[in-house]
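Here's the structure we're looking at; comments come further down.
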Amino acid sequence: MASDMMAAPADRDNRTKGSDVVFADTYSQPSAPDPVLGEDAVVAAAARHVAGVGPLLEVDESGGEARAYILDGGVVMKTQRPHRLRPRTSLAKEVLFLEELARAGDFPVPLVLGYGHVEGIEYVCLTRIAGVASRNAELSAEQRSELLRTLGQVLRALHAIDQSRLRTSDLMPGDARPSDLRRRFRDAFGRLAEDLDADDTWRGDLEITQLADQLIDRLPRGTEPVALHSNPGPEHVFVDPATGRFSGLIDFGDAYRSHPALDLRPWRRAADVADVVTGYGAGGSLPGGFEQVVSASLIMAELGQVARGRQDSQAAAARIRELLSVA
């Protein structure tokens with residue numbers, strides 16, 4: 001499993017535009033067939049691990065890199081979509097992380113029921129988290145705030161588990177030592193500078209390489225990396241639709257090791273970030289450089305949205321100046 005966050009030079013033309021501080025995405029076999037398994041094959045594979053499972057209720061295509069087969073009895077069979085195979089995503093890694101969480105305590109995450117291959121396709125059988133993705137729930141401002149504070153508490157506990165197996169496993173890419181955080185940000189800013197080179201917005205006080213120097217200089221030098229979920233955002237944070245309360249966190253296949261604050265990347269609104277930080281801080285003092293890493297990653301996210309064509313340059317520039325003013 002490749003652990004370097006940078007795409008190799010030969011892969012640069014194929015990487016995802018606007019790659020961020022996590023990894024530069026490359027798909028290793030983009031032309032591979034992507035068959036949908038039949039119900040008989042899915043039920044037979046799941047039955048290797050769960051007695052009396054079935055029937056198949058639905059096939060969830062919303063995961064991008066994975067396909068989820070929802071089975072009666074609270075079981076999910078998740079498969080790797082062959083044409084979306086990339087170095088940073090691994091079902092075997094997800095199994096490792098979830099099993100470590102199960103050993104560490106009672107976490108609101110799926111339990112691993114089994115792992116294997118069916119018709120040449122990698123799969124993992126998991127328990128199904130109750131509720132719906134928070135992006136599909138109608139939440140009041142108060143419910144959203146409570147949800148995100150709870151998420152912060154869950155992330156704090158998740159980051160605090162014993163890291164021994166996660167640190168030494170070849171399945172878990174990312175930072176080996178605290179100093180790798182600076183390299184991670186410098187490489188990511190370098191990719192964004194290339195992507196946005198033709199945009200005059202990023203000149204003067206927002207020239208990306210100078211901005212990178214300023215932000216990287218503030219990053220912590222001694223905070224030990226931990227295993228991160230990678231994207232505990234609205235599509236992976238589940239809620240009870242009746243109460244709006246947090247019910248669980250899914251999809252650990254993109255996990256990697258780095259500074260714990262990077263797990264706040266999916267939440268870009270100032271109020272959301274504040275709520276997650278509040279929940280995280282309820283467990284004690286924040287890890288070294290937490291707020292500086294949050295600020296740098298939010299600025300990175302704004303630039304990434306522009307590079308992907310999802311954000312207007314001027315709006316992103318205004319948001320970045322706001323973030324710099326409070327950094």
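Of all residues in the range 224-234, those being part of a loop (DSSP other than H, G, I, E, B) and closer than 19 Å to Leu298 by Cβ number 6.
Within the range 162-191, residues that are outside any helix (DSSP H, G or I) reach partners that are surrounded by 16 or more Cβ atoms within 10 Å (Cβ to Cβ) and among the aromatic types (Phe, Trp, Tyr) with beta carbons closer than 6 Å, at six or more positions or on different chains, in the pairs Pro173/Tyr256; Gly174/Tyr256. It is to be established whether one or more residues within the range 285-303 are among the polar types (S, T, N, Q) and not in a helix (DSSP H, G or I). Yes; the residues of the range 285-303 include at least one that is among the polar types (S, T, N, Q) and not in a helix (DSSP H, G or I). When restricted to residues that are hydrophobic (A, V, I, L, M, F, W, C), in contact (Cβ under 8 Å) with a residue 12 or more places away in the chain and out of contact with any helix residue (DSSP H, G or I) (no Cβ under 7 Å at 6 or more places or on another chain), the range 131-157 contains 5. I'd like the residue in the range 235-266 that is of a type in the set (Ser, Thr, Tyr) and open to solvent by 30 Å² or more (accessible area, probe 1.4 Å) and, out of all such residues, is farthest from Met300 (Cα to Cα). Restricting to residues being of a type in the set (Ser, Thr, Tyr) and open to solvent by 30 Å² or more (accessible area, probe 1.4 Å), the top hit is Thr243.
Each residue in the range 33-57 was checked for being under 14 Å from Tyr115 (Cα atoms) and either open to solvent by 80 Å² or more (accessible area, probe 1.4 Å) or in contact with a helix residue (DSSP H, G or I) (Cβ under 8 Å, 6 or more places away or on another chain) (or both), and 1 pass.
Each residue in the range 75-120 was checked for being more than 28 Å from Thr168 (Cβ to Cβ) and either at pLDDT 95 or above or of a type in the set (A, V, I, L, M, F, W, C) (or both), and 4 pass.
Taken together, the residues in the range 279-305 that are open to solvent by 20 Å² or more (accessible area, probe 1.4 Å) and of a type in the set (Ser, Thr, Tyr) amount to 1. Restricted to the range 58-73, and to residues there that are at pLDDT below 95 and assigned to a loop (DSSP other than H, G, I, E, B), the residue that is surrounded by the most Cβ atoms within 10 Å (Cβ to Cβ) is Glu65.
Let's see how each residue does on (1) over 24 Å from Arg257 (Cα atoms); (2) outside any loop (DSSP other than H, G, I, E, B); (3) within 16 Å of the chain's Cα centre (by Cα):
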| position | (1), (2), (3) |
| --- | --- |
| Leu98 | no, yes, yes |
| Phe107 | no, no, no |
| Gly114 | yes, yes, no |
| Glu138 | yes, no, no |
| Ser145 | yes, yes, no |
| Leu148 | no, yes, yes |
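The residues on offer are Arg269, Arg308, and the sole one that is over 21 Å from Ala141 (Cα atoms), of a type outside the set (Val, Ile, Thr) and open to solvent by 40 Å² or more (accessible area, probe 1.4 Å) is Arg308. For Leu228, the conditions (1) of a type in the set (A, V, I, L, M, F, W, C); (2) open to solvent by 40 Å² or more (accessible area, probe 1.4 Å); (3) closer than 21 Å to Gly284 by Cα are fulfilled apart from (2). Does the range 158-173 include one or more residues that are modelled with pLDDT of 95 or more, among the basic types (Lys, Arg), more than 28 Å from Ser285 (Cβ to Cβ) and open to solvent by 10 Å² or more (accessible area, probe 1.4 Å)? Scanning the range 158-173, I find no residue that is modelled with pLDDT of 95 or more, among the basic types (Lys, Arg), more than 28 Å from Ser285 (Cβ to Cβ) and open to solvent by 10 Å² or more (accessible area, probe 1.4 Å), so the answer is no. Being open to solvent by less than 20 Å² (accessible area, probe 1.4 Å) and in contact with a Gly (Cβ under 8 Å, 6 or more places away or on another chain) is the filter here; which residues of the range 116-153 pass it? The answer is Tyr123, Val124, Cys125, Leu147, Leu148, Leu151, Gly152. Applying the set (1) open to solvent by 10 Å² or more (accessible area, probe 1.4 Å); (2) closer than 21 Å to Arg218 by Cα; (3) within 22 Å of the chain's Cα centre (by Cα) to Val326 leaves exactly one unmet item: (3).
The values are calculated or read from the model by the stated rules, or taken from the named source; none is laboratory data. Just so you know, these numbers come straight off a predicted model, no measurement behind them. When we count neighbours, we look across all protein chains shown, and the Cβ atoms used for this are built from the backbone with ideal geometry, even at glycine. Heavy atoms of the whole protein, side chains included, go into the accessibility calculation; ligands, DNA and RNA do not. Shrake-Rupley method; radii C 1.70, N 1.55, O 1.52, S 1.80 Å.
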